[in-house]
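Report on one structure; see the data block that follows.
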Amino acid sequence: PVATVDGIHPHQSAEGQRPLSAGAHAVVVEYFEGGGEESLNVEMAGPDQSWQPLAMLVSNSPEPLKEQRGFQVNPDLVAEGKSLFVSAGCRSCHQYGDSNEQPHPPMNIPALTKADLSKGCLSESPGAGVPQFALTDQQRADIRKALSNSAAPPVADQEDSVRQIRSVMLALNCYACHERSSLGGVPAGHNELFTGSIPEMGDEGRIPPRLDGVGDKLQESWLREVLNKGARDRPYMATRMPRFGEENVGALVSLFVREDQKSDVAEVEFDQPLHRVTADARLMVGDQALSCIKCHYFDTHKATGIQAMDMTTMTRRLRRDWFHRYLLNPQAYRPGTRMPSAWPNNKSVVPKILNGDPAAQIEAIWLYLSAGRDAKLPSGLLAKAIELKPVDRPIIYRNFIEGLSPRGIAVGYPEHVHLAWDAEEMNLRKIWHGAFIDASLHWVGRGPGFQSPLGDHVMTLSGGQPFARLENSDAAWPTDSARKTGFRFRGYRLDSAGHPTFLLEGLGVQCSDGFLPLPGEPDAKLRRRIDLKTEQPESNLYVRIAVGDSIEERGDEWLIDKALSVAFAEGRPFVRTSQQKQELLVPVTFDPEGRFVVEYEFRW
């Protein structure tokens with residue numbers, strides 16, 4: 001089979017590919033009903049052909065369709081049509097053939113601004129000599145409203161934008177699906193033709209969205225993308241957005257922006273680093289707070305309820321201003337939406353997060369989602385997670401860790417502070433708080449891929465060898481891994497509490513790299529002790545502590561990239577600029593016994 005979606009389950013999708021030669025091909029679609037409420041959609045796409053229902057491409061016979069007879073001119077009907085062209089009033093508006101004769105509109109027809117909109121062609125029963133357009137009641141009402149609005153006193157720039165928007169939307173028939181300014185939208189006679197795969201979503205899951213304020217809602221770049229190339233951001237909706245092309249809708253983007261866009265949401269400042277702000281947002285989005293994942297899927301991870309818009313695309317699609325205003329009052333922007341308000345009357349339903357400040361909470365969610373597909377998964381999406389939880393002793397997890405070489409070693413501590421050490425780089429690479437790691441990626445099936453830390457506040461530290469011999473304090477740090485420069489990993493030893501100390505050798509120096517979690521508020525700190533020993537002490541040896549875009553000295557601490565603080569118990573560090581980065585180094589000075597110790601704490 002090309003695609004299989006077997007079993008009894010909610011509406012799901014599967015895709016497959018097959019090369020097809022020119023000509024007819026037999027297609028078989030099989031399904032069964034189990035418990036009622038079945039749904040079946042089969043679509044096909046190919047080179048230069050977007051997804052479309054298979055039913056439009058099949059017939060009952062493999063034989064080619066018979067060629068249709070071309071149009072045959074009937075001279076008698078030509079003569080009758082010419083007579084009707086004059087008698088029915090067509091000549092009043094239209095020019096005929098190659099004649100230079102201009103149309104002759106009747107002199108007794110009033111201007112539209114003065115016409116009685118209940119008579120003539122807008123009458124429910126147009127009389128003789130009046131065009132018969134077979135309009136529905138809704139269409140007549142829409143035309144009357146549009147003509148009434150056009151008669152209002154013009155406001156130069158704004159009215160010009162409104163007229164141009166209406167003109168383009170009429171020309172491209174956008175009003176057949178979308179409503180804007182109370183015009184257009186799906187007509188009653190076509191309503192049942194608009195379907196979706198998730199009935200629980202109601203009209204939101206089958207009717208294209210209103211375009212009121214669309215220039216305020218969407219990023220200008222995304223609006224242009226959708227109008228030019230179409231989109232599939234609502235896969236549950238059967239209706240598809242056409243590709244109109246820049247030459248047809250290029251002006252519409254700037255018109256929407258000029259007419260709709262508002263920028264009235266103030267900037268939000270936080271008194272804590274970004275990694276803590278986004279961790280709070282991750283908590284809110286997950287199943288322990290606002291439960292956004294109950295309705296919205298997250299990248300490739302399905303929601304636990306209905307499958308509404310993907311959260312990882314929101315900051316790419318939406319404007320920050322609109323996002324703030326919409327979350328505060330979804331009903332004001334989409335009446336009848338299933339989207340609940342988490343800040344009714346401007347009060348948060350999760351007051352313990354970010355002091356319950358609505359603006360701060362919404363901004364935090366925006367910043368968290370700004371990472372797109374790289375944002376850490378919120379809690380509640382990994383139903384089959386195998387979370388490793390250190391309780392009485394540390395857990396050592398040797399496997400593929402994201403951001404490390406395949407020789408990664410993760411250590412989880414009961415104090416809820418954890419680290420990942422790379423036996424290829426022979427250096428500390430990551431530290432984080434909260435949950436330790438999910439082993440399901442490696443313990444289920446073939447165990448492919450690199451697993452990321454499960455917790456929050458993940459700090460990625462500089463790679464490369466932990467200490468190096470430099471010609472002087474300005475010389476560049478070696479770029480090769482420690483193993484390539486002659487370092488050797490000698491394993492690790494455990495103390496009585498199960499804390500590992502990593503052992504390595506290089507440059508004629510023996511090194512032990514140990515860590516100790518320190519309980520604290522709101523989170524634990526991590527102490528690191530690097531102990532160097534040699535039989536041939538040499539100068540020009542340095543230990544690299546950190547690399548960042550900015551390193552600031554603040555009292556007894558050094559702040560790296562405004563996020564990670566390092567406080568020294570032993571060792572005298574200095575900051576230098578190298579290769580367009582700042583580095584925090586400690587010069588090594590061996591004592592008479594050939595030993596040197598640098599000890600410091602990470603706080604973040």
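The values are calculated or read from the model by the stated rules, or taken from the named source; none is laboratory data. All values reported here derive from a predicted model rather than from experimental measurement. Cβ coordinates were reconstructed from backbone atoms using ideal geometry, including for glycine residues, and neighbour counts include every protein chain displayed.
Return a yes/no flag: does region 477-485 have any residue that is buried (at least 20 other Cβ atoms within 10 Å of the Cβ), modelled with pLDDT under 95 and in the same structural domain as E415 (by TED's automatic domain parsing). So far as region 477-485 goes, yes, one or more of its residues are buried (at least 20 other Cβ atoms within 10 Å of the Cβ), modelled with pLDDT under 95 and in the same structural domain as E415 (by TED's automatic domain parsing).
Rundown of residues vs (1) at pLDDT 95 or above; (2) within 19 Å of the chain's Cα centre (by Cα); (3) farther than 15 Å from R317 by Cβ, yes/no style:
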position: G202; (1), (2), (3): no, no, yes
position: E225; (1), (2), (3): no, yes, no
position: R240; (1), (2), (3): no, no, yes
position: F244; (1), (2), (3): no, no, yes
position: G250; (1), (2), (3): no, no, yes
position: F256; (1), (2), (3): yes, no, no
position: E269; (1), (2), (3): yes, no, yes
position: A281; (1), (2), (3): yes, yes, yes
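Within region 529-550, the residues that satisfy the criterion of being modelled with pLDDT of 95 or more and either more than 10 Å from F596 (Cα to Cα) or outside the structural domain of L584 (by TED's automatic domain parsing) (or both) are R529, L541, Y542, V543, R544, I545, A546, V547, G548, D549, S550. Taking the conditions exactly as written (outside any helix (DSSP H, G or I) and either modelled with pLDDT of 85 or more or of a type in the set (S, T, N, Q) (or both)), does S59 satisfy them or not? It is true that S59 is outside any helix (DSSP H, G or I) and either modelled with pLDDT of 85 or more or of a type in the set (S, T, N, Q) (or both). Selection of region 395-406 for residues being touching a residue at least 40 places away in the same chain (Cβ under 8 Å) and either surrounded by fewer than 21 Cβ atoms within 10 Å (Cβ to Cβ) or in contact with an Asp or Glu (Cβ under 6 Å, 6 or more places away or on another chain) (or both) yields I395, I396, Y397, N399, F400, E402, G403, L404, S405.
Here is a yes/no grid of residues against (1) under 44 Å from the mean Cα position of the chain (by Cα); (2) touching a residue at least 24 places away in the same chain (Cβ under 8 Å); (3) farther than 30 Å from I306 by Cα:
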| residue | (1), (2), (3) |
| --- | --- |
| S21 | yes, no, yes |
| E30 | yes, no, no |
| P62 | yes, yes, yes |
| E67 | no, no, yes |
| E80 | no, no, yes |
| G89 | no, yes, yes |
| S92 | no, no, yes |
| Y96 | no, no, yes |
| P105 | no, no, yes |
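I need the full set of residues from region 363-390 which are acidic (D, E) and surrounded by fewer than 17 Cβ atoms within 10 Å (Cβ to Cβ), in order please. Result: D374, E387. Output the residues belonging to region 389-429 that are acidic (D, E) and not in a strand (DSSP E or B). Residues satisfying the conditions are D392, E402, E415, E424, E425. If you scan region 279-310, which residues turn out to be touching a Cys at 6+ places or on another chain (Cβ under 6 Å) and under 20 Å from E363 (Cα atoms)? V285 - this is the single residue of region 279-310 that is touching a Cys at 6+ places or on another chain (Cβ under 6 Å) and under 20 Å from E363 (Cα atoms). Those strands (runs of 3 or more DSSP E) of region 508-595 in which at least 1 residues are farther than 20 Å from L428 by Cα, considering only elements entirely within it, cover 551-554, 574-578. Of all residues in region 430-448, which are of a type in the set (F, W, Y), touching a strand residue (DSSP E or B) at 6+ places or on another chain (Cβ under 6 Å) and not in a loop (DSSP other than H, G, I, E, B)? If the condition is that a residue be of a type in the set (F, W, Y), touching a strand residue (DSSP E or B) at 6+ places or on another chain (Cβ under 6 Å) and not in a loop (DSSP other than H, G, I, E, B), then W432 is the only one that fits.
The set of residues in region 449-463 that are part of a loop (DSSP other than H, G, I, E, B) and touching a strand residue (DSSP E or B) at 6+ places or on another chain (Cβ under 7 Å) comprises F450, P453, L454, G455, L461, S462, G463.
Applying the condition of being in a helix (DSSP H, G or I) and over 39 Å from the mean Cα position of the chain (by Cα) to region 144-155 and asking which residue is modelled with the lowest pLDDT yields S150. Of all residues in region 514-567, those being under 33 Å from the mean Cα position of the chain (by Cα) and more than 21 Å from E415 (Cα to Cα) number 10.
Looking only at region 217-246, residues that are in a helix (DSSP H, G or I) and at positive phi come to 0 in all.
Looking only at region 435-455, residues that are without any contact (Cβ under 8 Å) to a residue 60 or more places away in the chain, surrounded by fewer than 23 Cβ atoms within 10 Å (Cβ to Cβ) and either in contact with a Gly (Cβ under 6 Å, 6 or more places away or on another chain) or not hydroxyl-bearing (S, T, Y) (or both) come to 14 in all. Provide a single number: the residues in region 467-520 that are hydroxyl-bearing (S, T, Y) and more than 17 Å from W421 (Cα to Cα). Residues flagged as hydroxyl-bearing (S, T, Y) and more than 17 Å from W421 (Cα to Cα) within region 467-520 amount to 4.
Among the residues of region 1-56, those identified as of a type in the set (S, T, N, Q) and assigned to a loop (DSSP other than H, G, I, E, B) are T4, Q12, S13, Q17, S21, S39, N41.
A search for C-beta distances below 7 Å between a residue of region 184-196 that is farther than 17 Å from L40 by Cα and outside any loop (DSSP other than H, G, I, E, B) and any residue that is among the β-branched types (V, I, T) and modelled with pLDDT under 95, counting only pairs 6+ apart in sequence or on different chains, returns G189/T136.
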